[in-house]
1. Only one of these is at pLDDT below 95 and either farther than 26 Å from residue 550 by Cβ or touching a strand residue (DSSP E or B) at 6+ places or on another chain (Cβ under 6 Å) (or both): 516, 411, 505. Name it.
2. For residue 369, indicate whether it is farther than 30 Å from residue 301 by Cβ and assigned to a helix (DSSP H, G or I).
3. I need the full set of residues from segment 268-279 which are more than 13 Å from residue 310 (Cβ to Cβ) and crowded, with 19+ Cβ neighbours inside 10 Å, in order please.
4. Please determine whether any residue of segment 281-293 is at pLDDT 95 or above, buried (at least 24 other Cβ atoms within 10 Å of the Cβ) and either under 30 Å from residue 56 (Cα atoms) or in contact with a helix residue (DSSP H, G or I) (Cβ under 9 Å, 6 or more places away or on another chain) (or both).
5. Which members of segment 59-82 meet the condition of being assigned to a helix (DSSP H, G or I), touching a residue at least 24 places away in the same chain (Cβ under 8 Å) and under 28 Å from residue 329 (Cα atoms)?
6. Hey, could you check segment 300-324 for residues that are under 16 Å from the mean Cα position of the chain (by Cα) and crowded, with 23+ Cβ neighbours inside 10 Å and say which is nearest to residue 337 (Cα to Cα)?
7. If residue 183 passes every condition in (1) modelled with pLDDT of 95 or more; (2) closer than 28 Å to residue 137 by Cβ; (3) outside any helix (DSSP H, G or I) but one, which one does it miss?
8. Determine, yes or no, whether residue 234 is surrounded by fewer than 13 Cβ atoms within 10 Å (Cβ to Cβ) and either in contact with a helix residue (DSSP H, G or I) (Cβ under 7 Å, 6 or more places away or on another chain) or not in a helix (DSSP H, G or I) (or both).
């Protein structure tokens, strides 16, 4: 897991976070100040610093920020602690504290990211000259090139200098993808200035470069609608919807067009425009694995525009991915009921309640969602999955069945409901019903590797429809060649059929992909034993024993380690359902 402050240091646009002096001090045992005991028993500086480092290792932003704040109180002149605390305050969304530290950093001279925050404060306060001053001093290194020019442009726009704003964007230099940012923001600047034809022209270029972006699609459609090109706007929206069925905000826009109502303006103020810049960059960083850094830019976006629902959802999802569930829930809550994303947020909240081990709250929340809209298949699928994970299979079956009953006509995208109900039926011993649901899922969507894997493995394990079962598993591996679980399923079936060489090739591949999965290691050990590689077999079984928790499975492994495998009939599979059968997809 990446170290939190090192990740922040590496990606935070030259913010100057250098932990080496602190780490050297901590490793050698030297303390900058004399030790004292704090109220919670932690020694000043070193104890608090150790607690902060442990919080970083857990990627717990709020706790790390808390401890670094306390360290900074004890060593207020430390530039390292000042920078670290500032970054964590930003990532935690504590903007008042971050602003105070930003002013101290600027006074100390090493304050690149601090200037970004101070510029945002000035822009929010309609002090466009101060915003220009801070953004001009910002170093646009690396992906900062996508920040500096647009932010300067919005500062000019805040002062009513539309032509200067456009000139800054047109003069920006950087990698080829930078044009997406500059043309998009030029379109927004033109739109806010009332230059709607020019906005359409700029958005058309953005759309040409990046037609898969939801924000690009909706801003382009809004500009087309504003100049009276409503059918062209509809075409743009419908093209996106064809690739992204059910996208709520696009459906809402199409409904407005159907009702002959205008689409919402894509930007309402320079602050909102700057927030859009920060949101776009933060979301991109988050998708690339830089969750902590992404949280900085998304919090900055919400500071400038608290009504930016897209930034709010992106930040909430990042906090969820870091396990900061209460913080994620607090970010989601302000999404208005009128937003097309409110249902999505409510579903996320239900998942959070379950992860927080609040089943009564989960049940009441999800049941309420389904009651208000019995046709909401996303809510139905998620709640059914929650019950299935709890092993309340009968409850899950009831929820899935209600969802299937609400369908006017089966559609290809409905396959997860049948697949999930099939798993629940199978786990309750109702195989004929399970088999019918798996076949129905494949009828709706024939190339779903999870369904092919589950049904193919189960048939093979039952010794029926073997040719078709193996064909399904082979196809599942072709569709998802990097899934260790699916590869293991096919390899284990080959083993059960005595095709040891084929099984060996697949199971060795599966272990490389999923090296921490005890069941796969167990299977590979069995194959090694059958082909005479006894030492390697025991090596795999011993590794499997370290991973497996089930008492019966552990006992079986201990017996193999002691006695090996006999020469009689092949042993039964450790599990009689598909190995590590994947859960039904959770609606996003």
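The values are calculated or read from the model by the stated rules, or taken from the named source; none is laboratory data. All of these numbers come straight from a predicted model, not from anything done at the bench. Don't worry about glycine lacking a Cβ; one is built from the backbone with ideal geometry, like all the others, and counts go over all protein chains shown.
1. That would be 411, the only listed residue that is at pLDDT below 95 and either farther than 26 Å from residue 550 by Cβ or touching a strand residue (DSSP E or B) at 6+ places or on another chain (Cβ under 6 Å) (or both).
2. Details: farther than 30 Å from residue 301 by Cβ: no; assigned to a helix (DSSP H, G or I): yes.
Here the answer is no, as residue 369 does not meet what is asked.
3. Our first condition is that a residue be more than 13 Å from residue 310 (Cβ to Cβ); within segment 268-279, this holds for 268-271, 273-274.
The answer is 270, 271, 273, 274.
4. As a first pass, look at segment 281-293 and keep what is at pLDDT 95 or above: none.
Scanning segment 281-293 turns up no residue that is at pLDDT 95 or above, buried (at least 24 other Cβ atoms within 10 Å of the Cβ) and either under 30 Å from residue 56 (Cα atoms) or in contact with a helix residue (DSSP H, G or I) (Cβ under 9 Å, 6 or more places away or on another chain) (or both).
5. Passing the criteria: 61, 62, 64, 65, 69, 70.
6. Ranking the candidates gives 312 first.
7. (3)
8. When the stated conditions are applied, residue 234 does not pass them.
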